[in-house]
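Working notes, beginning with the structure itself.
The values are calculated or read from the model by the stated rules, or taken from the named source; none is laboratory data. What you see is a predicted model, and the numbers here were worked out from it, not measured in a lab. Heads up, the Cβs are rebuilt from the backbone with ideal geometry, glycines too, and the neighbour counts pull from every protein chain shown.
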Amino acid sequence: MQHVDGNSLAGPLAEFLAFDVTMATARCNGCGDTAELARAMVYTSGAGTVVRCRSCGQVLATLVESGDRAWIGFSGVSAIEVRRPGS
Amino acid sequence: MSFISRGFSGRSRERDDRLPPGQTLVHDFPVLSAGPTPDIDTADWEFTIRTESGVHRWNWDEFTSLKIDDVDTDIHCVTHWSKLGTKWRGVSLDTLFEDIETEQDYVMAHSYGGYTTNVPLDELLDGKAWVAFEYDGEPLDPEHGGPARLLVPHLYFWKSAKWVRGLEMMDQDEPGFWEQNGYHIHGDPWKEERYW
C-alpha cells in the first residue's frame with residue numbers, strides 16, 4: 001500500500017484537534033484506565049502543565065508554553081476518543 | 001576619576017553580571033513541581049548509580065557519612081527567576097564517582113515520583129554537581145526536593161532533580177521528562193538554552 005504525505009492530515013486532524021478536551025476520553029498507557037480528561041489530575045507550574053492519570057498517577061499529557069510557541073505531549077495516552085458533533 | 005556622572009539612578013539600572021540573560025532576581029524560593037510531593041522517609045531512602053558493570057548503592061546513613069561539601073552558589077530557573085548566594089550542603093558527584101569506572105558518558109537522573117532529567121557526565125564532575133540534603137542550614141524541605149536533590153547550578157534548575165534516587169549511565173544522551181516535552185536537551189542559562 002502506498003502512503004501519502006502529511007498534508008492529507010489537514011482535514012481529519014484539524015477536525016480532531018478542535019475537540020472539547022474536557023469531554024474527550026483518554027486511555028492511560030500505564031494502567032489502562034479510560035476516563036474523560038476532565039477527571040484527570042492536573043499539576044500546573046511555571047514550567048508547564050502536567051496531566052496525570054486519576055487512577056495510577058502516571059503522566060498522561062504535558063503542555064509547555066513560551067510566548068508564540070507551545071508543546072503538547074501525550075506521552076502517556078494510547079488513544080483519545082473524541083465525540084463528533086451530530087453523530 | 002570620571003567627570004561624567006551617571007547620577008544616583010545609574011547604578012541601579014546596571015545589570016547584575018551574576019544574572020544570566022532573561023533572568024530576574026528573586027529573594028523567595030519558588031516551588032515548581034510536575035506532580036505530587038513524594039513523602040520519603042530517610043529510613044527507606046537509597047541512592048544508586050547504575051553503570052555497565054553494576055549498581056552502586058548507598059543508604060541514608062552511608063550517604064551522609066561521605067565527605068560533605070558546603071556549597072554557595074547562584075541558581076537559575078528556566079521560568080526566569082534567579083536566586084543568588086544560595087547555601088547548600090551535600091555530597092559532590094566527584095566523591096560518588098571516586099570508585100566508579102565507566103565508559104558511558106551520559107547520565108539520566110531518576111527521582112522518587114518518576115521524574116527524570118539528563119546531563120552529560122562531564123558536566124557533573126570537577127566540582128560542578130552535588131546531591132544536596134541541606135539548604136540554608138536546615139534539612140532540605142520536601143517541597144524543595146528533600147530528603148535529597150541533585151544540584152547542578154550551572155544549568156537551569158530543572159536539571160537539579162528533586163527527590164533524586166539514582167543516576168543511570170547511558171551511552172547516548174537521551175532526553176528526560178521536560179526535555180522530551182519542549183525543554184532544551186542541555187539547558188545552559190548563559191546561552192538561554194530554554195527550549196528545543
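Here B:Glu193 clears all of (1) more than 28 Å from A:Cys53 (Cβ to Cβ); (2) buried (at least 19 other Cβ atoms within 10 Å of the Cβ); (3) within 14 Å of another protein chain (Cβ to nearest Cβ) except the condition numbered (2). Among residues of segment B:21-36 that are more than 12 Å from every other protein chain (Cβ to nearest Cβ), those with a beta-carbon under 9 Å from a residue that is loosely packed, with under 13 Cβ neighbours inside 10 Å and outside any loop (DSSP other than H, G, I, E, B) at least six positions away or on a different chain give the pairs B:Pro21/B:Trp190; B:Pro21/B:Lys191. Counting the residues of segment B:47-83 that are buried (at least 17 other Cβ atoms within 10 Å of the Cβ), closer than 20 Å to B:Gln104 by Cβ and basic (Lys, Arg) gives 1.
Listed conditions (1) within 14 Å of chain A (Cβ to nearest Cβ); (2) on the phi < 0 side of the Ramachandran plot are all met by B:His186, apart from (1). Number of residues in segment A:69-83 that are more than 11 Å from chain B (Cβ to nearest Cβ) and not in a strand (DSSP E or B) equals 2.
Taking segment A:15-68, which residues are small (Gly, Ala, Ser), within 11 Å of chain B (Cβ to nearest Cβ), out of contact with any Phe, Trp or Tyr (no Cβ under 9 Å at 6 or more places or on another chain) and in a strand (DSSP E or B)?
Our first condition is that a residue be small (Gly, Ala, Ser); within segment A:15-68, this holds for A:18, A:24, A:26, A:30, A:32, A:35, A:38, A:40, A:45-48, A:55, A:57, A:61, A:66-67.
Then drop every residue that is not within 11 Å of chain B (Cβ to nearest Cβ), which leaves A:30, A:45-48, A:57, A:61, A:66-67.
Filter again for out of contact with any Phe, Trp or Tyr (no Cβ under 9 Å at 6 or more places or on another chain), leaving A:30, A:45, A:57, A:67.
If the condition is that a residue be small (Gly, Ala, Ser), within 11 Å of chain B (Cβ to nearest Cβ), out of contact with any Phe, Trp or Tyr (no Cβ under 9 Å at 6 or more places or on another chain) and in a strand (DSSP E or B), then A:Ser45 is the only one that fits.
In segment B:104-115, the residues that are under 13 Å from B:Lys159 (Cβ atoms) and within 12 Å of chain A (Cβ to nearest Cβ) reach residues that are of a type outside the set (Asp, Glu) and assigned to a loop (DSSP other than H, G, I, E, B) with C-beta atoms within less than 9 angstrom, at least six apart or across chains, in these pairs: B:Tyr115/B:Ser33; B:Tyr115/B:Ala34; B:Tyr115/B:Gly35; B:Tyr115/B:Ala161; B:Tyr115/B:Lys162; B:Tyr115/B:Trp163; B:Tyr115/B:Gly176.
For segment B:85-138, the strands (runs of 3 or more DSSP E) that sit wholly inside it and include 2 or more residues that are among the small types (Gly, Ala, Ser) are B:106-111. Of all residues in segment A:10-41, exactly one satisfies the criterion of being at pLDDT 90 or above, of a type in the set (A, V, I, L, M) and over 13 Å from the mean Cα position of the chain (by Cα), namely A:Met41. The single condition among (1) surrounded by fewer than 20 Cβ atoms within 10 Å (Cβ to Cβ); (2) out of contact with any Pro (no Cβ under 6 Å at 6 or more places or on another chain); (3) touching a residue at least 60 places away in the same chain (Cβ under 8 Å); (4) not in a strand (DSSP E or B) that B:Lys162 does not meet is (1). Might you let me know whether segment B:42-56 holds any residue that is out of contact with any Gly (no Cβ under 8 Å at 6 or more places or on another chain), within 14 Å of chain A (Cβ to nearest Cβ) and modelled with pLDDT of 95 or more? No; the residues of segment B:42-56 include none that is out of contact with any Gly (no Cβ under 8 Å at 6 or more places or on another chain), within 14 Å of chain A (Cβ to nearest Cβ) and modelled with pLDDT of 95 or more.
Taking the criterion of being more than 17 Å from B:Pro36 (Cβ to Cβ) and in contact with a helix residue (DSSP H, G or I) (Cβ under 7 Å, 6 or more places away or on another chain), the residues of segment A:28-72 that qualify are A:Glu36, A:Leu37, A:Ala38.
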